[in-house]
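Contents: one structure, followed by commentary.
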Amino acid sequence: MYAFDVTRPKTVDEAVAALSQEDAQALGGGQTLIPTLKQRLASPSALVSLTGIEDMKGVCQDGDTLVIGGGTTHGTVASEGGAYPALAALASNIGDPAVRNRGTIGGSLANNDPSACYPSAALASNATIVTNSREIAADDYFQGLFTTALDEGEIITSVRFPIPQAANYQKFVQPASRFALVGVFVSKHADGVRVAVTGASEDGVFRWSDAEDALSGNFSPDAVDGLTASADGLMTDLHGDAEYRAHLIKVLTKRAVAACQ
Amino acid sequence: MPKDHGIGASSKRREDVRFLTGTGRYTDDINLQGQAYVHFVRSDVAHGTINSIDTSEAENMPGVVRIFTGADFAAVGSIPCGWQVTDRFGEAMQEPAHPVLAQGKVRHVGDPIAAVVAETKEQARDAAEAIVVDIDELPAVVNMKEALADGAPKVHDDLKSNLCYDWGFVEDNKAAVDEAIKNAAHVTTLELVNNRLVANPMEPRVAVGDYGFANDESTLYTTSQNPHVIRLLMGAFVLNIPEHKLRVVAPDVGGGFGTKIFHYAEEAFVTFASRALRRPVKWTSTRSEAFMSDAHGRDHVTKIELALDADNNFTAVRTETYANMGAYLSTFAPSVPTWLHGTLMAGNYKTPLIYVNVKAVFTNTVPVDAYRGAGRPEATFQLERVIDKAARELGVDPIALRRQNFISEFPYATPVAVEYDTGDYTATMDKLEEIMDLSGFEARRKESEAKGKWRGLGVNCYIEACGIAPSNLVGQLGARAGLYDAATVRVNATGSISVMVGAHSHGQGHETTFPQVIAEMIGIDESQVDIVHGDTSKIPFGMGTYGSRSLAVCGSAMVRAAEKVINKAKKIAAHLLEASEADIELKDGKFSVAGTDKECAWGDVTLAAYVPHNYPLEDIEPGLEETAFYDPANFTYPSGAYACEVEVDPDTGKVTIEKFAAADDFGNVVNPMIVEGQVHGGIAQGIGQAMLEGAVYDAEGQLLSASYMDYAMPRADDLPFYIVDHSCATPCTHNPLGVKGCGEAGAIGSPPAVVNAVIDALASGGKNVPHIDMPLTPHRVWKAMNA
């Protein structure tokens, strides 16, 4: 690592102020940022740790919405997110216990790794990303590989998940990293079905609209049978080519729908 | 009832007290007064000419002590290779120089170019980033067949080509083998890749050099499996330091798996730099450095042909293998695809005619050398895969085909120059069928089908040559050192015993098992015996731990030394008991005179040896300490039969291992619990190779799988519960303990079982796939079944 200063604000306002310094960088659970620093691939002047902000932690239900503080760890979502079982199950399968006890939902969504699990849940659930300055709909939030609608210094304070009628996440793990080689989150709401795919696209998480249309009319695994996920723009790497990923999108979508029945 | 002490008891691993409580002392725990730290500048291109190295900015950075480049090592020796192979035409292999720091050229990503020694690790790294290395990148050779093509870029300009050697074994058999294959009733051919692996011991490599100028003595603390081998290679060939001025210490070592056998540039560097700077110099590898500087394993590309007669008897085997050496010859590299591979091509079968051809090739990749099993897994994999393929082609049961061709009479001289002393392959196969419940397989297959999964069964045998030794034999085969081992049994005045051994324990549990043997021989408690290992200033000149040799070779030396001790102790006892030496018996820690009730305790005799007031000083010396060197008459030949059942998900190609059993013949066993642990670990590594692991280079020589994000190590939930058995024991006939070695068996025996099982599962789903190269990732299996 290169040398840097660390501040540990107690409030969102203090954090926002600290992040206004030049080259300051927000630090959530550090599960991506710390390895990046150790490899000397980033050189922030200051790290602003968000883990001391109590207001950003915890899970609570607000009517038919599950509200999760941006600084809430995956482990906490897994154990306290029972009102949205598919989301809690997703959180319980991120990384390993050490990752789940440090990594946070805000950190994951701010990083927007194309193979991370949470972006698919947020997009399929039609979640709202709440920051220190505004609310951003998930459809507007994810803008490509490691790219989001967040401005410089903007902090995810909470995420609001409408609790669906039914939902399921199917993760097919990349054998080495255990990130999603492909992950599909299916969520059924009163106004239709949303299907979000992570791990597959060169542009990060995306909605499979053909499947959404088919499933909104007929929420059964058979509804997907006639569809083919396109391999265009999907990733090819050591662990799977675009064609395989496209195939998995369909298999996992069917399995997710089956699991919702 | 199982024994609770001595040979055959599952004594608890005493070393685990410190390993499990965080109180082990590893090389990185060693920090010396005035220590400086080194950071290596490594090549980020696979092949190139170094135009210049500009260190001017770095030299003036905070904390920098000195910056070294290849020029500082111009007068220093080349890192030696410990084995010379002679090719088919009687010529010595091509052997390039291997500099400590690059001399004019870089030959793989990770090749060290310069080294910064500074007051702190971070300062060394900061300065290393300020060094400007100007390299003209050259085309890299990565693929072995392309490396041998006319006009291919040469890894070493001063060699004739990228061919290290073209080896034929046994060359005189070639014509007869060709003829037998031509005339065979059936020939099964299989082309396969034995995937390149990175050993990834939990502890990365570390080296600390410490030079004492007052006595002109160098000490190297290093993560090694064999401190005496490092002293020999580095002292004699690289740095020209005589043995009495060089001490090598390998303290607690967190796993080796072969990759810590070898002498590495970093060890020579810290020793050299410490002498130059007159202060200790330390290097601790990062995991990223380990991927590009620890010797890799395997990486063979093979074509094997198996010929059978009309009655399905094996009549001939012919193989052609391309073996990747990487950019330089690591310590044992040339021996792995030859003598540790070709000599095992008979396997467990009485094939009368065998010819093995191996072309060893230089490429712009990290050097490749021994990795758990070393050559024997490669031999076993191709043979057991081609037998399975033959059974499928002929429509016969693969187990019956193996049984029909088993060697059944011992000793058995193979057509590939080794003589198996004992074994009972039918018994181990019978045991395997029993413990795996093979008769229940069809029912389990139906259960899987009901879940929508394809179930497959894979079975294979293995044979290995272990207890790597006979010096006269390995000398004929090209070894440049002896491969005996040594032990000193030092009995203290009160009867407790310290045993100084040449073997090195880095997970094997020697500190527990070696005392069990001594305790059994003398009849004292194991707690009265301690092992000293890992320090050339304390232990006799033994050759360390690899090739499942510790107990078979060093343990035998210890037995010989203990026998000398006991013989002398009997002389002392005879004097104390006023009896004839011939009448003295030692049992349960007591000396007695046969046929009388006269006796004295072990401690009485040992005290007399060191307080020789009433002692036959005119006949024997005081003291009780003996050393023995042991050089066995032959290798040992552990063998076994393994079985694996898998389920394949037809939708995704994902394979899960549902059941796994190993029936091994290790001869006599000292500690069954530790042996089972060794088998478990070996199988985990074998399954890792079969299912998950693979070091992959791109065409430019960049290592794509250079971290755990892309290199998949086996995790607990990738692995099944194992059913293991070692009750079918045929003791080794030529070492005093009758032991054969168990360290590598699991890694040798398991990959073909896994692949055979997956091929069988695909067949049960109607997919006739002849072969899939490891690792059998979901992607590869899905591609193969949809090809």
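Points worth noting:
- Within the set B:E626, B:E599, B:E563, the sole residue that is open to solvent by 80 Å² or more (accessible area, probe 1.4 Å) and among the charged types (D, E, K, R) turns out to be B:E599.
- Residues that are under 30 Å from B:G34 (Cα atoms), of a type outside the set (D, E, K, R), in contact (Cβ under 8 Å) with a residue 24 or more places away in the chain and not in a loop (DSSP other than H, G, I, E, B) do not occur anywhere in the stretch B:145-153.
- Residues in the stretch B:650-678 that are out of contact with any strand residue (DSSP E or B) (no Cβ under 8 Å at 6 or more places or on another chain), within 14 Å of chain A (Cβ to nearest Cβ) and either open to solvent by 10 Å² or more (accessible area, probe 1.4 Å) or of a type in the set (V, I, T) (or both): B:D651 alone.
- Of all residues making up the stretch B:446-473, the number that are part of a helix (DSSP H, G or I), open to solvent by 40 Å² or more (accessible area, probe 1.4 Å) and modelled with pLDDT of 95 or more: 4
- Just one residue in the set B:A413, B:A443, B:A427 is in contact (Cβ under 8 Å) with a residue 40 or more places away in the chain, farther than 30 Å from B:W602 by Cβ and assigned by TED's automatic domain parsing to the domain that holds B:R385; that residue is B:A427.
- When residues of the stretch B:510-551 are limited to those that are among the acidic types (D, E) and within 22 Å of the chain's Cα centre (by Cα), the one surrounded by the fewest Cβ atoms within 10 Å (Cβ to Cβ): B:D535
- Candidates B:A579, B:A493, B:A574 - the one that is assigned to a loop (DSSP other than H, G, I, E, B) and free of Cβ contacts under 8 Å to residues at least 24 places away in the same chain: B:A579
Residue-wise test of (1) more than 14 Å from chain A (Cβ to nearest Cβ); (2) among the hydrophobic types (A, V, I, L, M, F, W, C); (3) open to solvent by less than 10 Å² (accessible area, probe 1.4 Å); (4) over 23 Å from B:V106 (Cβ atoms).
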site: B:V248; (1), (2), (3), (4): yes, yes, yes, yes
site: B:I261; (1), (2), (3), (4): yes, yes, yes, yes
site: B:A273; (1), (2), (3), (4): yes, yes, yes, no
site: B:R279; (1), (2), (3), (4): yes, no, no, yes
site: B:E289; (1), (2), (3), (4): no, no, no, no
site: B:H296; (1), (2), (3), (4): yes, no, yes, no
site: B:H300; (1), (2), (3), (4): yes, no, yes, yes
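- Near pairs, Cβ below 9 angstrom, 6+ apart or cross-chain, from the stretch B:705-728 (touching a residue at least 24 places away in the same chain (Cβ under 8 Å) and within 14 Å of another protein chain (Cβ to nearest Cβ)) to any residue that is charged (D, E, K, R) and part of a strand (DSSP E or B): none
- If the condition is being more than 29 Å from B:H779 (Cα to Cα) and open to solvent by less than 10 Å² (accessible area, probe 1.4 Å), then the stretch B:734-767 contributes B:G738, B:V739, B:K740.
- Test result for B:Q103, open to solvent by 30 Å² or more (accessible area, probe 1.4 Å) and either part of a helix (DSSP H, G or I) or touching a Gly at 6+ places or on another chain (Cβ under 8 Å) (or both): yes
- Each residue in the stretch B:771-787 was checked for being more than 9 Å from every other protein chain (Cβ to nearest Cβ) and assigned to a loop (DSSP other than H, G, I, E, B), and 6 of them qualify.
Okay, residues lined up against (1) hydroxyl-bearing (S, T, Y); (2) farther than 18 Å from A:A122 by Cβ; (3) in contact with a Phe, Trp or Tyr (Cβ under 9 Å, 6 or more places away or on another chain); (4) at pLDDT 95 or above:
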{"site": "A:V6", "(1), (2), (3), (4)": "no, yes, no, yes"}
{"site": "A:G28", "(1), (2), (3), (4)": "no, no, no, yes"}
{"site": "A:L41", "(1), (2), (3), (4)": "no, yes, no, no"}
{"site": "A:V48", "(1), (2), (3), (4)": "no, yes, no, yes"}
{"site": "A:I53", "(1), (2), (3), (4)": "no, yes, no, yes"}
{"site": "A:G82", "(1), (2), (3), (4)": "no, yes, no, yes"}
{"site": "A:S92", "(1), (2), (3), (4)": "yes, no, no, yes"}
{"site": "A:V99", "(1), (2), (3), (4)": "no, yes, no, yes"}
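- Exclusive hit being over 20 Å from the mean Cα position of the chain (by Cα) and either within 18 Å of B:A712 (Cβ to Cβ) or part of a helix (DSSP H, G or I) (or both), set B:I687, B:I657: B:I657
- Residues located in the stretch B:36-92, provided they are among the aliphatic types (A, V, I, L, M), more than 14 Å from B:A115 (Cβ to Cβ) and under 29 Å from the mean Cα position of the chain (by Cα): B:A46, B:I79, B:V85, B:A92
- Residue within the stretch B:734-756 that is over 24 Å from the mean Cα position of the chain (by Cα) and away from chain A (no Cβ under 14 Å) present: yes
- The stretch B:691-704, subset surrounded by 20 or more Cβ atoms within 10 Å (Cβ to Cβ) and assigned to a loop (DSSP other than H, G, I, E, B), residue farthest from the other protein chains (Cβ to nearest Cβ): B:G701
- Residue in the stretch A:40-54 that is within 14 Å of chain B (Cβ to nearest Cβ), open to solvent by 10 Å² or more (accessible area, probe 1.4 Å), more than 19 Å from A:G153 (Cβ to Cβ) and out of contact with any Cys (no Cβ under 9 Å at 6 or more places or on another chain) present: yes
- Per-region count, the stretch B:1-51, residues open to solvent by less than 70 Å² (accessible area, probe 1.4 Å), closer than 30 Å to B:T363 by Cα and part of a loop (DSSP other than H, G, I, E, B): 4
- Residue list for the stretch A:111-131, filter: of a type in the set (A, V, I, L, M), in contact with a strand residue (DSSP E or B) (Cβ under 6 Å, 6 or more places away or on another chain) and crowded, with 23+ Cβ neighbours inside 10 Å: A:A121, A:L123, A:A124, A:A127, A:I129
- Of the residues making up the stretch B:112-163, just one is within 14 Å of chain A (Cβ to nearest Cβ), of a type in the set (G, A, S) and out of contact with any helix residue (DSSP H, G or I) (no Cβ under 9 Å at 6 or more places or on another chain), namely B:A124.
- In summary, B:E578 fulfils each of the numbered conditions (1) more than 21 Å from B:V499 (Cβ to Cβ); (2) surrounded by 15 or more Cβ atoms within 10 Å (Cβ to Cβ) with the single exception of condition (2).
- Check on B:A633, crowded, with 23+ Cβ neighbours inside 10 Å, more than 14 Å from chain A (Cβ to nearest Cβ), over 20 Å from the mean Cα position of the chain (by Cα) and of a type in the set (G, A, S): no
- B:D111 at pLDDT 95 or above and under 20 Å from B:V368 (Cα atoms): yes
- Among residues of the stretch B:49-71 being touching a residue at least 60 places away in the same chain (Cβ under 8 Å) and among the small types (G, A, S), the one that is nearest to B:D157 (Cα to Cα) is B:S52.
The values are calculated or read from the model by the stated rules, or taken from the named source; none is laboratory data. Keep in mind it's a predicted model, so treat the numbers as computed, not measured. Glycine gets a Cβ as well: all are built from the backbone with ideal geometry, and neighbour counts include every protein chain shown. Just so you know, the surface numbers come from the protein's heavy atoms only, side chains and all, with ligands and any DNA or RNA stripped out. Shrake-Rupley method; radii C 1.70, N 1.55, O 1.52, S 1.80 Å.
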